[in-house]
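The values are calculated or read from the model by the stated rules, or taken from the named source; none is laboratory data. It should be emphasised that the depicted structure is a prediction, and the values quoted were computed from it without experimental measurement. Here the Cβ is made from the backbone with ideal geometry for all residues, glycine too, and neighbour counts use every protein chain on show. The area values use the complete protein model at the heavy-atom level, side chains included, leaving out ligands, DNA and RNA. Shrake-Rupley method; radii C 1.70, N 1.55, O 1.52, S 1.80 Å.
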Amino acid sequence: MEIELLIVIFAALLIDLSLGELPVSIHPVVWMGKLIEKIRNLLISNGKKNNRFSGFFMTLIILIIFNLVFTLILYISSVNYILYLLVASISLSTTFAIKSLIKSVLEVNYSIKNDLDNGRIAVSYLVSRKTSELSSEGVVSAAIETLTENITDSVISPLFYIFLFGSIGALLVGTIDNNVFYPLLKFIGWGGMAYSSVQFPIILGLMAGVSYRVVNTLDAMVGYKDPQNINIGWFPARLDDILNYIPSRGTGFLIVLAALFMGLDYKSSWQVMLKDAGKTPSPNSGYPMAAAAGALGVQLIKPKVYTLGNSKHKLTPEMIKKAVKLTMVTLILFLTIIFVIPLLIFFL
């Protein structure tokens, strides 16, 4: 494991936690959304092109475009070692979102304490369901659901793939002979820039994070079963399911472990996750949501869709804060795993 990769991941986390998201005008995810919308509308306007292959084509094109853009940015910044690490850290920070996730959910807590209608409005920005008639308990449930589901989508999944492919990059640099590997990098345009023990793992990790964010954004925008999106959104939705399969289940387990550390009902967390995780339409989102429901002793309900957990405790606004604490401990456990173990291997 190259220590620079861990430095960049750590710096990216500090940037996100201290500064939050980049301005909307330059945020890559915003530009992803704009490009997806343009391509989607173009394909849908031509009925013959609104098919599963077009969904595959759209996914491939957007993956290529954004990975090339980020690779070019890193290439330009590689003139200086410190600049390269800084640009890589900023770029990496755009592929996940911790501060904005926590902040947006806490805003629901603050809003609903003052006025139920304000709480409904605040949570409407986070969920797709109709919120204008939700009860106070319904607002709290929706906030906890979106928080726990997005532990995976917004944080653990992108970091999991960044770390995984960055580690593969470090392994390749250390094991593949220069005479075999260098010509390949030169052929795809990375030349001498990418082939260094410092740069290649970072590039591969960033590409993994960017690719995950592209797929997840596509799923959020076109992964629906309405007539317009059911065909064109099929491929990105299935790919998103595949990419989140391991991270979502790992997140569920970490929530159980976090409940143990916090003195919450970890046994119920485990039992509810096993019993209710399969009740959600998504094959993945039920794991962190059900585990959190069990740990908090609450029942999370999306009307006419699913019911997770048992209502041992009431869904009061304070339960949102408790869910945020559970989320933070879960993320600390995850970050400990991806940092401490590699550091022990590196130094020992």
- Query: Only one of (1) open to solvent by 10 Å² or more (accessible area, probe 1.4 Å); (2) in contact with a helix residue (DSSP H, G or I) (Cβ under 8 Å, 6 or more places away or on another chain); (3) within 23 Å of residue 155 (Cα to Cα) fails for residue 271. Which number is that?
  - Reply: (3)
- Query: Is segment 307-315 home to any residue that is free of Cβ contacts under 8 Å to residues at least 40 places away in the same chain, open to solvent by 50 Å² or more (accessible area, probe 1.4 Å), assigned to a helix (DSSP H, G or I) and under 19 Å from residue 262 (Cα atoms)?
  - Reply: no
- Message: Based on this model, can you work out whether residue 279 counts as within 26 Å of residue 136 (Cα to Cα), at pLDDT 95 or above and either open to solvent by 60 Å² or more (accessible area, probe 1.4 Å) or touching a Pro at 6+ places or on another chain (Cβ under 8 Å) (or both)?
- Response: yes
- Query: Any idea which of 157, 141 is at pLDDT 95 or above, in contact with a strand residue (DSSP E or B) (Cβ under 7 Å, 6 or more places away or on another chain) and either within 18 Å of residue 296 (Cβ to Cβ) or buried (at least 24 other Cβ atoms within 10 Å of the Cβ) (or both)?
  - Reply: 141
- When you scan segment 52-69, how many residues do you find that are farther than 15 Å from residue 42 by Cβ and open to solvent by less than 50 Å² (accessible area, probe 1.4 Å)? 3
- Is it fair to say residue 298 is aliphatic (A, V, I, L, M), part of a loop (DSSP other than H, G, I, E, B) and open to solvent by less than 70 Å² (accessible area, probe 1.4 Å)? yes
- Query: For residues in segment 1-10 being assigned to a helix (DSSP H, G or I) and either at positive phi or of a type in the set (A, V, I, L, M) (or both), which is most open to solvent (accessible area, probe 1.4 Å)?
  - Reply: 7
- Query: Of 239, 274, 260, which residue is touching a residue at least 24 places away in the same chain (Cβ under 8 Å), hydrophobic (A, V, I, L, M, F, W, C) and either part of a helix (DSSP H, G or I) or out of contact with any Asp or Glu (no Cβ under 8 Å at 6 or more places or on another chain) (or both)?
  - Reply: 239
- Quick one: is residue 285 at pLDDT 95 or above, among the polar types (S, T, N, Q) and within 21 Å of the chain's Cα centre (by Cα)? yes
- What number of residues in segment 212-228 are in contact (Cβ under 8 Å) with a residue 24 or more places away in the chain and surrounded by 19 or more Cβ atoms within 10 Å (Cβ to Cβ)? 8
- Item | Within segment 120-138, considering residues that are part of a helix (DSSP H, G or I) and of a type outside the set (S, T, N, Q), the one surrounded by the most Cβ atoms within 10 Å (Cβ to Cβ) | 123
- Message: Quick check on segment 161-171. Is at least one of its residues crowded, with 17+ Cβ neighbours inside 10 Å, within 22 Å of the chain's Cα centre (by Cα), within 18 Å of residue 11 (Cβ to Cβ) and of a type in the set (S, T, N, Q)?
- Response: yes
